[in-house]
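Since the structure comes first, as structure tokens, the remarks are kept for the end.
The values are calculated or read from the model by the stated rules, or taken from the named source; none is laboratory data. In this text the structure is predicted, and so the values were computed from the model without any measurement. Note: ideal-geometry Cβ built from the backbone for every residue, glycine included; neighbour counts use all protein chains shown. We work out accessible area using only protein heavy atoms, side chains counted, and drop any ligands, DNA or RNA first. Shrake-Rupley method; radii C 1.70, N 1.55, O 1.52, S 1.80 Å.
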Amino acid sequence: MAEGKGRVCVTGGTGFIGSWIIKSLLENGYTVNTTVRADPAGKKRDVSFLTNLPGASQKLKFFNADLSDPESFNAAIEGCVGIFHTATPMDFKMNEPEEIVTKRTIDGALGILKACKNSKTVKRVVYTSSGSAVYYQEKEEDVMDESYWSDVNILRNLKPFGWSYVVSKTLAEKAVLEFGKEHGLNIVTLVPSFVAGPFICPKLPGSIYTLLPFLFGDIDKNPLIASRIHMVHVDDVARAHIFLLEHPNIKGRYNCSPFISTFDKIIDIISSKYPEFQIPKSKVLMGAKGPKLPHLTSNKIMEAGFEFKHSIEEMFEDTIECCKEKGYL
């Protein structure tokens, strides 16, 4: 069977970003392998939201794999020209020690990269990092590019919200880039911030819950509510992944974060479009002062030729319309 632009693999294909990358790849003529973690209870996972995508019946294939067993990814990677590694442990409730989460994240990523190196067919790996791997610094900066790295010592000492995840993503991204240099494997990393927009996965994405606490929960308990926060539309994130795979001459890290906003502004945007939402006035928002997350400049990827298509207004409109359609609002 002809494979169009080629066969690629997306790890973590059932997640928010991974599933949208699969959707975009199928629309762009790729044949896709994706990995699914086996249900610990032995139940068959419902992946109909992926199998129902246009072209999926002919061009989407599923493989069971788990980061705890990196060699389980070998079959999914075999014969692929490109890899999108989006799978990562997410444990904001700290059910496991940070050291265990970090080791699993790094070992899983490096195991996948070894399979890519051994495959002899993989031309490039695009690793999905996180904006949080950039901005945790002792010194506050207003603008940060890809040269900045979060300080894991500060994270381990201060233990801010989600610190275990941030440590694991920071150290894993460094390990991934170092592996590429040592073994001559073409690896680039995409560094998205908080992602919003429509979603095809059945579960409400955590980043959307975080960005819209005034619609989903107690705004006064949101750890980021007093912050200036950065964000990006999921479709732009998926397009950026494919852009990095296809570009003939790219290298290193690429921030993917076109917007930064306060929650006051987000509420204003949503209230003007959806007056039916009675958004409560939060005590936290009234004169609150919190850590102002820096602007993560995306100049590098734009200078390479990438264009962000979606406005901040479109991002929240698409998010809310999808949440309404799926019964979350």
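Descriptive notes on the structure:
- Checked against the criterion of being open to solvent by 60 Å² or more (accessible area, probe 1.4 Å) and part of a loop (DSSP other than H, G, I, E, B), the candidates Lys61, Lys43 yield just one match: Lys43.
Results for (1) at pLDDT below 95; (2) of a type in the set (D, E, K, R), shown as yes or no for each residue.
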| residue | (1), (2) |
| --- | --- |
| Leu60 | no, no |
| Ala76 | no, no |
| Arg104 | yes, yes |
| Ser119 | yes, no |
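- Check on Phe214, at pLDDT 95 or above and either closer than 25 Å to Ser311 by Cβ or open to solvent by 40 Å² or more (accessible area, probe 1.4 Å) (or both): no
- Subset of the range 297-329 [farther than 25 Å from Glu246 by Cβ and either surrounded by fewer than 18 Cβ atoms within 10 Å (Cβ to Cβ) or of a type in the set (S, T, N, Q) (or both)]: Glu313, Thr319, Glu321, Lys324, Glu325, Lys326, Gly327, Tyr328, Leu329
- Filter result (open to solvent by 30 Å² or more (accessible area, probe 1.4 Å) and not in a loop (DSSP other than H, G, I, E, B)) within the range 178-195: Glu178, Lys181, Glu182, His183, Phe194
- Filter result for Thr88 (assigned to a loop (DSSP other than H, G, I, E, B), open to solvent by less than 70 Å² (accessible area, probe 1.4 Å) and farther than 22 Å from Ser193 by Cβ): no
- Residue identified as modelled with pLDDT of 95 or more and of a type in the set (Val, Ile, Thr) among Val176, Val166, Val143: Val176
- Selection within the range 230-248 - surrounded by fewer than 21 Cβ atoms within 10 Å (Cβ to Cβ), over 14 Å from the mean Cα position of the chain (by Cα) and touching a residue at least 12 places away in the same chain (Cβ under 8 Å): Phe243, His247
- Ser147 meets the conditions (1) surrounded by 14 or more Cβ atoms within 10 Å (Cβ to Cβ); (2) closer than 30 Å to Pro248 by Cα in every case but one. The failed one is (1).
- Enumeration of residues in the range 278-316 that are over 20 Å from the mean Cα position of the chain (by Cα) and at pLDDT 95 or above: Glu303, Ala304, Gly305, Glu313
- So Phe49, is it touching a residue at least 60 places away in the same chain (Cβ under 8 Å) and open to solvent by less than 70 Å² (accessible area, probe 1.4 Å): yes
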